[in-house]
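The values are calculated or read from the model by the stated rules, or taken from the named source; none is laboratory data. Since the model is a prediction, treat every value here as computed from it, not as a measurement. In this analysis, Cβ positions are derived from the backbone assuming ideal geometry, glycine residues included, and neighbour counts consider all displayed protein chains. Accessible surface areas use protein heavy atoms only, side chains included; no ligands, DNA or RNA. Shrake-Rupley method; radii C 1.70, N 1.55, O 1.52, S 1.80 Å.
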Amino acid sequence: MSQIHDKSPKHCAKQGLDFKKFNKKLFVAFSTFLLTVLSFILLVWLILHPTKPNFSLKEVEINQLKLSGPSLLNSSVQLTLLSNNPNKKVGIYYDEIQVCASYKSQKITHDTSIPPFHQEHEETNYLSASLVGNQQPVAPSFGYDVRLDQRTGKLMLTVKVIGKLRWKVGTWVSEKYRFNVNCVAIMPFGPIPSPPLSSKQGTQCSTTI
C-alpha cells in the first residue's frame, strides 16, 4: 500500500508564517543597512562641516550708463570676482551662476551667466563677467538719482550673484544648494561725461546659502 503525504492545514499555515518572517527579516536588514549608510554620511558631514565660500569684488568698471528715454537705460559693466573655498577637505561644484548689477535697488543690467566649474579645497578662482543693459527699464527717478550722485561725487553700485552649488567630500556629492552673494562698490563719480567709472579697491561680499 502506498503512502500519501498530504500537508495538513496546520503545516501549511506554519510554512506561510515562516515566509512572512523571512520578509520581515529582509526588511529589517535593508532598513538597518540604509540607516547605517545615512548615519555615516551625516557623521562625515558633521565632522567636516563645510564652510560657505568667500567672494570678493576685486575690480569693477562702468563703461556706459546712459538713458535712451525717460525710463530706458543702456549700460555696460565689466567686473572681476574672486571666489575662495576655505574648506580643507571639501570641494565645491558651482552648477549655476548668474551675475547682474543694480543701482539704487534698480536692476541696470541683464543676468549674465558664468560657466560652471569645480573648486578644490582651499582653492581661489578669478571670475570675470561683462554685464550689459540694453533698453533696461528703470524708474522715472533714475536720471535725478544719477545727477544727485554726481553732485556728491560718488556712486554706489551693487553686484549680485545667485546660483546653485554642491559640496564634494571624497566620492560623495551633496544635493544642490542655492547661494546668494551681494557686493557693494563705491566709486568716484564726476561731472558729465562721467564713464568710465572704476573701483579697484576690492570689496568683501556677503554670502548666504
TODO: Mind giving me the FRET efficiency for Asp111 and Asp149? R0 is 25 Å, r the Cβ-Cβ distance, nearest 0.05 is fine.
DONE: 0.55
Task: Chain lengthening between Gln64 and Val37 when straightened (0.36 nm per residue, less Cα-Cα) - done: 4.2 nm
Task: Dimensions in Å of the stretch 95-209 - Rg and Dmax from alpha carbons - done: 17.1, 56
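Output needed for the stretch 76-138: three equivalent-ellipsoid semi-axes, defined as square roots of 5 times the C-alpha gyration tensor eigenvalues, in descending order, whole Å.
29, 10, 10
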TODO: Please identify every one of the chymotrypsin sites (Phe, Trp or Tyr not before Pro) in the stretch 68-154 that sits in a loop by DSSP and has no more than 11 other beta carbons within 10 Å of its own beta carbon.
DONE: none
Open item on the list: Not counting ligands, DNA or RNA, and with a 1.4 Å probe, what is Leu65's accessible surface area in Å² rounded to the nearest 10?
Closed with: 40
Task: Accessible-area value, Thr152, 1.4 Å probe, nucleic acids and ligands omitted, Å² - done: 90
Open item on the list: Test of the criteria: in the stretch 46-115, which trypsin sites (Lys or Arg not before Pro) are in a DSSP loop and have at most 11 other Cβ atoms within 10 angstrom of their Cβ?
Closed with: Lys88
Task: Label-point gap, in nm, between Ser128 and Ser102 - each point 7 angstrom along Cα→Cβ - done: 2.7
- [ ] Quick one: compute the contact order of the stretch 128-209, relative version, from alpha carbon pairs under 8 angstrom and 6+ residues apart, as a percent.
- [x] 27
Open item on the list: Spelling out what I want: for every residue of the stretch 196-209, take phi, set θ = phi - 60°, compute 6.51 cos²θ - 1.76 cosθ + 1.60 (Karplus), and round to whole Hz; glycine and proline get x.
Closed with: x, 9, 8, 9, 10, 6, x, 10, 6, 9, 9, 10, 10, 10
